[in-house]
1. Over the stretch A:122-212, consider all pairs of different Cα atoms and compute the Kirkwood hydrodynamic radius from their mean reciprocal separation; express it in Å, one decimal.
2. Ranked from highest to lowest mean number of other Cβ atoms within 10 Å per residue, what is the order of the peptides B:139-148, A:255-264?
3. Counting Lys +1, Arg +1, Asp -1, Glu -1, what net charge surrounds B:ALA21 among other residues with beta carbon under 15 Å of its beta carbon?
4. Taking θ = phi - 60°, what integer Hz values does the Karplus form 6.51 cos²θ - 1.76 cosθ + 1.60 yield along the stretch A:185-196, in sequence order, with x for Gly and Pro?
5. What average number of partner chain Cβ atoms lie no more than 10 Å from the Cβ of the residues making up A:228-235?
6. What order, most packed first, do the peptides A:13-21, B:47-55, A:25-33 have when packing is the mean number of other Cβ atoms within 10 Å of each residue?
7. Pairing the Cα long axis of helix B:292-308 with the longest principal axis of chain B, what angle in degrees results, from 0 to 90 and rounded to the nearest 10?
8. If you place +1 on the Cβ of every Lys and Arg, -1 on the Cβ of every Asp and Glu, and leave all else neutral, what size is the dipole of the protein assembly as shown about its Cα centre, to the nearest 20 Debye?
Amino acid sequence: MNLAQLLVNGLVSGLIIALPAIATSLVFGVFRFPNFAVGAQATLGAFAAYAANALLGLSLPLAALLGAAAGALAAMAVHRGVYRRLRERGSITLLVASIGVAFVLENLVRFFAGNEVRGYDVAVARPIRLLDLRFTQEQLVIAATTILATTLLALLLSRTRLGRAMRAMADNPDLAAARGIDAERVSLWTWGIVGVLTALAGVLTGLDGVLEPSMGWRLVVPVFAAAILGGLGDPRGAFLGALLLGIVEEVSVVVVPNEYRLIVAFVILGLVLLVRPSGLFGRAELVR
Amino acid sequence: MSGYLPAIVTLTAIAGIAGLALNLQWGLSGIVNFGLVGFYALGAYTAATAAVAGVPPLIALALAMAVAAAASAAVSLLSLRLGGDYLAIVTLAFAEALRILILNEAWLTGGAIGLPGIPSPLDGLLPAEDRALGFLVLAVGSLVLAFLLLEAVARAPLGRALRALRDDPLTLQTLGRSVVGLRAKAMAIGGAVVGLAGALHAFYYSYIEPTQFAPTITAYAFMAVILGGRGSNRGLLLGAGSVMVLIEASRFLKDFVPLLDATQLAALRLILIGAGLIAILIYRPQGLLPEHRLEAERETTAGEEDHGTR
């Protein structure tokens, strides 16, 4: 396979983890803990969309929107039921709670769906050839969805009152509260957005591969590697970190076997933490 | 059914040893080791490959402890320049990476098929019919030793420093102690103990394969530590016992709820573990047997003693 094709494939696999990496960075920025339930949230979204797609017979785009809504509701409910009650206890308690949330969400899916491998009900389409490159329909859908969602999020963060409030809370929660920002309302919205992003990523992961209950768990390490690569807490960095990680993973198959992609992610994570813990694009003050 | 009780006690003892290790790392020192199962698996595979290759089982066990301790300390050094919550990610990534390695390096680990025929330290010492009971004694004896060792650590000056690492790393640094060094020590001692648990696992089953080392092992250990009360070793024993009773009791659930299949029961069990973990964090964060006595001791003497360490 030529290098340009590897780059294309790498970009697409980077785009798959971009949304949850951005979501992880948002959670870390606003709530200051690493959310280990990000993978399980993706699984939940993927299966909610599957239920709408395969059982109710809706088209995949419509089903994905329903999955995103389900993901948002679940994330908001978890915030109300779990994270909000533990807010004062510090990041370590919150991150341990998030692994509890991960177990509950993943196994709720397993309870209803079982362990069998599934796929979305979509028509098989022929790959498109352009110059020397080959793009599958799935790759185009993944790229379009991720870029659209990222653009909308960027507009939301930079242009709306909610986005400004989120950034204010991430910068300085006390100051934000003093300026009359309703922390609870902003928190709820943030979790809603995080739920949408992770659920969409779940659908895209299922479209790219297959659906099974541990699909999200396998995303956790690459997602964190990407978010840390971009500087944890910085959504824009997370997007770039995801693309970079995807490309490095894909190109690394030239030297290491394909099964070792996750080890490549681990090595990158370790190197970044040792050499540049604020991330490639991070400011020094982000170092904790 | 006669073999059921010894098996449960043996497995509870092994889980208790792993729980004690986590209690030192997370309970006492505040290091969130989400990759506990990775170090457990490392202990199991080290002991198994060494013993299969002809190394005497007790030496293989010591080797497993040493390798798991070294790996734990090395992983903790990745957070050299960062706060402790990054260790949660790094340890989890280590465990996942190790799982992939074990699956793919079949020449060494047997891959997905696993490693059969692992010799046990009891081979040749006991007739086959006494083997279960003999292993029970070995496992419970190891649990007692690990408990005594970790109680000694908790009471030693090192234990006080580790508690400060959890509660107030900034003051610790101000006093001139190395946070990274203490983290590495806590990880190494805990690593040796969890390596022991892994080695016992390998000897007990005499056959290991990757699915035995699922992340649920980490979740059970966290549940045991939270239930018992973070930092309390006696609490941990109670917590580990309670978790095992819950897990085993849920096996009998299928007699009462015949509509559920095996997958659903397993899922239900993990939902309960996850929800239980969250519920204890919210409603009873100090656990069943909190480290009361130690808290009082810290208030009166920790000030002077911390200067005396090292």
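1. 15.7 Å
2. B:139-148, A:255-264
3. Value of the local net charge: +2.
4. Per residue, the Karplus-derived 3J(HN,Hα) values read 5, 5, 4, 4, 4, 4, 5, x, 5, 4, x, 5 Hz.
5. 1
6. Ranking, from highest mean packing down: A:13-21, A:25-33, B:47-55.
7. Relative to chain B, helix B:292-308 is tipped by roughly 60 degrees.
8. 1320 debye
The numbers here are math on the coordinates, done by the rules we state, and not lab data. Since the structure is predicted, the reported quantities are computational estimates derived from the model, not experimental observations. FYI the Cβ positions are ideal-geometry reconstructions off the backbone, even for glycines, and counts take in every protein chain you see.
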